[in-house]
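Just so it is clear, none of the values below were taken in a lab; they were calculated from the coordinates. As the structure is a computational prediction, the values presented were derived from the model and not from experiment. Cβ sites come from the backbone with ideal geometry, for glycine too, and all protein chains shown count toward neighbours.
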Amino acid sequence: MDLLEYQGKMLFARHGVPVPSGRPARSVDEAVAAAEEIGYPCAVKAQVQIGGRGKLGGIKIAADAQQAREHAGAILGMDIRGLTVYELWIEGASQIASEYYASVVFDRGAKAPLVMLSTRGGMDIEAVAEEDPDAIAMLHVDPLLGFQAFHGRRLAFEAGVDADVVRPVGEMLAKLYEVFISEEATLVEVNPLIITPEREVRALDAKVTLDNNSLFRHPENAELRDLSAEDPQERMAHDRGLTYVKLDGNIGILGNGAGLVMSTLDVVKGAGGEPANFLDAGGGSKADAIVSAVEVILSDPKVEAVLFNIFGGITRCDEVARGLIEAFELVKPQVPFVVRLDGTNDKQGRAILAQANLPGVYTEATMDAAAAKVVELAG
Amino acid sequence: MSILVDQSTRLVTTGITGSEGTFHTLRNRDYGTQVVAGVTPGKGGQNVDGIPVFNTIAEAVDKQGANTAMIFVPPRFAADSILEAEEAGIELIIAITEGIPAHDELRAFQIISKNGRARLIGPNCPGVLSPGKANVGIIPAAFFKQGNVGVVSRSGTLTYQVGNELAQQGFGNSSIVGIGGDPVPGTDFIDVLTLFEADPETELIVMCGEIGGDAEERAADFIAAHVTKPVVAYIAGFTAPPGKQMGHAGAIVSGSHGTAAAKAAALEAKGVDVGRTPTEVAQLAMSKLGTPAN
Ligand SMILES: Nc1ncnc2c1ncn2[C@@H]1O[C@H](COP(=O)(O)OP(=O)(O)OP(=O)(O)O)[C@@H](O)[C@H]1O
Ligand SMILES: [Mg+2]
């Protein structure tokens, strides 16, 4: 789960990471009221779950109430790389002597947390990574040992931070690691980590990704959803425990397992079709999950035909067949379905479907044939 | 030969009394896997269709000589079960459970690799099948027969799909290994490529990846340097919409954006053929090995 900047900063504050104080706002008036409370100059910041807001005009400094009103009006409703801005974060503007970059991330390759620090933070860190990778100091942490004070100092020296802030920057890294571990994050990134003219260290940005699988241990974090960024169909799918991503085409797709569903999209596209969605019904899909999945797929009015591509391992094809029959009773689909069932209990599943003789349901034996058929039916 | 599981496998299932645990353990046994025990704390002394149930994994090792564990317990208890298996001296731990917290996985992996006694496959994986010998996990074994193609995959269902395309062309498999798609897989492509390279029965390796991470890119480098057998790859997700990138850290670490195109390019640059569909993978296999004898 990706957090908005201000949600990340609230987590930071809980662990003693210094952040500017601020207020969220959902309208121009709320933004001006927040700015009045915080004082000027203040930063008006678009809250969307994507980086690069600054470069695209989503972050502005206001010197007075009138500017706060102007900036809030311009940024609210703005489109930033496909995401609409529904929320702002107003915070005191900081004076900046240096902009550093710091992060803690799950390094899948090394199978350990990786802490990174660079003195060349700010809005072009990707370019730095590409052109001058040595400018980013990196350290893998043994999670059984944890991040020690000397690790922080080592990174600070290696990155070449100003001598007078080696210790506080090291301490900042230790706190970010503490956020990473205790909130069970998979990413904690601060860009920029600033040094003020008074030589204070502060996190000016926060990008935090939490592990969905551990939210049961963090009920307060589980509430931090960004509902405005979710497509209503995606939310419906999420509430029913399905993984659904809306796409632009007219062929509804359901499969079990992300890999097979992605492969199905590739094959349907290869056959000349346009998928309307990605829907992974997950391992062990039971009949009621299939009913929900059909409802979610058909809630998209563009769908003209549906492909079920199931290769059962933990999923049992007879369960899928029963779910489809139930779904037809409840939803009464008006579009054709192509169904391919292979794997665990596939014979039973196909027999159940043959006996039910549902209207507009075609069965195919292979993925290629099923894709060709659904493309033909979708027209 | 084959890798990881075979006739010498003596399996204990943790979470055997759950409905999924029971269903798949019995299927594994029907296939011919030696299932010697189950573990559910508090249910020691019972049995599941004749399979003795113990309270601890240590007992299953002591009394039944279990050497392989299949983890079927719910996500929040799974890391504990993995570590219990490791401490009991189990050599091969195959974790089927999906949805284990990432930090639990990380800790379990670190402890296992530090102690160096056990190998972990998964979590969130379909298991390992050595056709004609043993099946540990949820792979629908009826589709596969013994042969010379080794398969390794990040995605469960995609494994079955690709394996099935190979079977339709007449190919059999030495072993099929699902390594799982979690952030910290216990065993990765490189580990399994190493095992297949050393396995005399395996003559061709099929590797199935998907978008995200950089495991395929790292495997490409490894293949170029250390694998002499032909490798055919498949990557799912060519048409997946570009995922939104949150921070910059992911790209800085991997130097790649994890797209299917980037992965295919990395593999092809090292001389690995990449099929664009599962069917094409089987065709590429045929062009490398010729039409299978039967
Ligand atoms: N409170 C503030 N006071 C002064 N300047 C600020 C403040 N917040 C942000 N800025 C300036 O705006 C720039 C961009 O802001 P920020 O890093 O929060 O967003 P971003 O552009 O989305 O980040 P990224 O490029 O890392 O994805 C910062 O590098 C900083 O120079
Ligand atoms: Mg930033």
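Taking a sphere under 13 Å around the Cβ of residue B:31 and counting the other residues whose Cβ falls inside, with K and R at +1 and D and E at -1, yields a net charge of +2.
In straight-distance terms, cross-link reach from residue B:63 covers every one of the lysines whose alpha-carbon lies under 21 Å from its own, apart from those fewer than eight places away in the same chain; here that gives B:43.
Antiparallel DSSP bridges in chain A: what percent, to the nearest 5? Write down the numbers at each step before the final one.
Working: 46 of 63 bridges.
Taking every DSSP beta bridge with both residues in chain A, the antiparallel ones total about 75 percent.
The C-alpha atoms of chain B define a longest principal axis, and helix B:278-289 lies at about 80 degrees to it.
Rounded to whole Å and ordered largest first, report the semi-axes of the equivalent ellipsoid of chain B derived from its Cα gyration tensor (root of 5λ). The partial results should precede the final answer.
Details: eigenvalues 203, 106, 48 Å².
Semi-axes from the Cα gyration tensor: 32, 23, 16 Å.
Rounded to the nearest 10 degrees, the inclination of helix A:28-38 to the longest alpha-carbon principal axis of chain A is 30 degrees.
In the distance distribution for the range A:231-378, Cα-Cα pairs more than 26 Å apart total 11 percent.
From largest to smallest, the equivalent ellipsoid semi-axes obtained for the protein assembly as shown from the alpha-carbon gyration tensor read 44, 31, 24 Å.
Do the alpha carbons of any pairs in A:9/A:302; A:207/B:263; A:207/A:269; A:286/B:288; A:246/A:286 sit beyond 31 Å of each other, and which pairs?
Details: A:9/A:302 40 Å; A:207/B:263 26 Å; A:207/A:269 34 Å; A:286/B:288 40 Å; A:246/A:286 22 Å.
Where the Cα-Cα span goes over 31 Å, the pairs concerned are A:9/A:302; A:207/A:269; A:286/B:288.
Looking at chain B, what % of its DSSP beta bridges pair antiparallel, to the nearest 5? Write out the running numbers ahead of the final one.
On the way: 9 of 46 bridges.
Expressed as a percentage, antiparallel bridges in chain B total about 20.
For the range A:21-92, the relative contact order is 48 percent, taking Cα pairs closer than 8 Å that sit 6 or more residues apart in sequence and dividing their mean separation by the residue count. Taking the DSSP bridge list for the protein assembly as shown and keeping only pairs wholly inside it, about 50 percent are antiparallel.
With the convex hull built on the Cα atoms of the range A:259-333, state its orientation-averaged projected area in nm².
Working: hull surface 19.0 nm².
Result: 4.8 nm².
By the rule of a C-alpha distance below 21 Å, with chain neighbours fewer than 8 residues away ignored, the lysines paired with residue B:114 are A:111.
Suppose a student asked you for the relative contact order of chain B, using Cα pairs under 8 Å spaced at least 6 residues apart; what percent would you report?
Details: 658 pairs, mean separation 42.5, N = 294.
Computed over chain B, the figure is 14 percent.
Ellipticity at 222 nm from helices only: DSSP H runs of n ≥ 4 in chain B, each -39500 (n - 2.57), divided by the residue count, give -11500 deg cm²/dmol.
How do A:140, A:71 rank when sorted from fewest to most other Cβ atoms within 10 Å of their own Cβ? Before the final figure, lay out each step's value.
Working: A:140 14, A:71 27.
Fewest-to-most Cβ neighbours within 10 Å comes out as A:140, A:71.
Along the positive direction of the dipole of the range A:231-378 (beta-carbon charges: Lys, Arg +1; Asp, Glu -1; about the Cα centre), which of A:291, A:272, A:261 reaches farthest? Ranked along the dipole, the leading option is A:291.
Here's the list of lysines a cross-link from residue A:60 could span, going by alpha-carbon distance under 16 Å and ignoring same-chain residues fewer than 8 apart: A:45.
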